[in-house]
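Just below is one structure, and these are the notes that go with it.
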Amino acid sequence: MNKFTTGGQRMRVTSVGHAAFAITMIALGLLGLIKGNFTPVWDPVPKGVPARELLIYLCALISLASGIGLLFKRTAGLAARVLLISLLLWMLLFRIPDIFRTPSMGSWYGCGETAVMIAGAWVLYAWFAANRDSQHFGLPTGPTGLRIARVLFGLALIPFGIGHFVYLKETAALVPNWLPSHLAWAYFTGSAFLAAAAAILIGVCARLAAALSTLQIGLFTLLVWVPIIAAGSRDPFQVSETILSAALTAGAWVVADSYRDIPWLAINKR
């Protein structure tokens, strides 16, 4: 565990993934406050939702406050709990109903995106929460919390993989021009997500699967979306996907870090 002292308080950074996740939440919070709109992690929200404008700033403040709180020993447990409960409510109130309102691969993909962020928040909650949290809030901590987070992450990878096949042409079009066989890469990355999901859910080489899927999401960010934005694109969809991909990388990184005490090729270690 890495610890740093600043301003009389002890910072608590347990891993690089933890730091990346906290910084990402801070950035999302600042972006939400500056833009006055939902950031990709908290999108989409139907126009007719009551107090929608208030909800925009509430989400931004939750992101900002939880991100800062995750960096400090005294507040890490509370910050992880608030973020986890907020994301769970978001899944129940917006993501899951969206599957029934507009049943499509996109709706399932959105659930997967939120599930990755929930998994990352749950890992941090499992690490930092006090024992009394389980009694008062009914949210498992410790090894049980880690298992739940890992299962959620494994399930999240399934729509990611299927989405690559459903949107095969669109996925192939995003492959950088300097790589050959764009269609083959689309097939490969989709299959890799599905294989990683299976490995994590059944506990076969789960640590390796989590690390490789995190690397894959991170490479999508660096090789696909960042160059598009660096080239000057201001297309709202592409900007949103870049931000979301960076956030998913951070969430996945935290989950991958949770396996650090498990051998790379372990079997039945979830």
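The values are calculated or read from the model by the stated rules, or taken from the named source; none is laboratory data. Predicted model only: the values in this text are computed from it and were never measured. Methodologically, a virtual Cβ is constructed for each residue, glycine included, from the backbone with ideal geometry; neighbour enumeration extends over all protein chains shown.
Conditions (1) small (Gly, Ala, Ser); (2) surrounded by 15 or more Cβ atoms within 10 Å (Cβ to Cβ); (3) over 19 Å from residue 247 (Cβ atoms), marked per residue:
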residue	(1), (2), (3)
30	no, yes, no
39	no, yes, no
45	no, yes, no
50	no, no, yes
53	no, no, yes
66	yes, yes, no
70	no, yes, no
82	no, yes, no
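Does residue 219 qualify as being within 27 Å of residue 18 (Cα to Cα) and in contact with a Pro (Cβ under 6 Å, 6 or more places away or on another chain)? Answer is no for this residue. Just one of (1) farther than 28 Å from residue 63 by Cα; (2) out of contact with any helix residue (DSSP H, G or I) (no Cβ under 6 Å at 6 or more places or on another chain); (3) not aliphatic (A, V, I, L, M) fails for residue 233. It is (1). Before we move on, is residue 143 at pLDDT below 95 and either under 22 Å from the mean Cα position of the chain (by Cα) or of a type in the set (Val, Ile, Thr) (or both)? Spelling it out, residue 143 is indeed at pLDDT below 95 and either under 22 Å from the mean Cα position of the chain (by Cα) or of a type in the set (Val, Ile, Thr) (or both).
Pairs meeting the criteria (first residue in the range 193-213 and in contact (Cβ under 8 Å) with a residue 12 or more places away in the chain and under 14 Å from residue 158 (Cα atoms), second residue outside any helix (DSSP H, G or I) and among the aromatic types (Phe, Trp, Tyr), beta carbons under 8 Å, at least 6 apart or on different chains) are 210/259. Would a scan of the range 232-241 turn up a residue that is of a type in the set (A, V, I, L, M, F, W, C), under 18 Å from the mean Cα position of the chain (by Cα) and at pLDDT 95 or above? No, every residue in the range 232-241 fails to be of a type in the set (A, V, I, L, M, F, W, C), under 18 Å from the mean Cα position of the chain (by Cα) and at pLDDT 95 or above.
Just the residues that are of a type in the set (Val, Ile, Thr) and within 18 Å of residue 251 (Cβ to Cβ), please, taken from the range 86-130. Passing the criteria: 114, 116, 118, 123. Contact map, the range 46-75: first residue within 21 Å of residue 15 (Cβ to Cβ), second residue assigned to a helix (DSSP H, G or I) and among the polar types (S, T, N, Q), Cβ cut-off under 9 Å, separation 6 or more or different chains; pairs are 63/24; 63/86; 66/86; 67/24.
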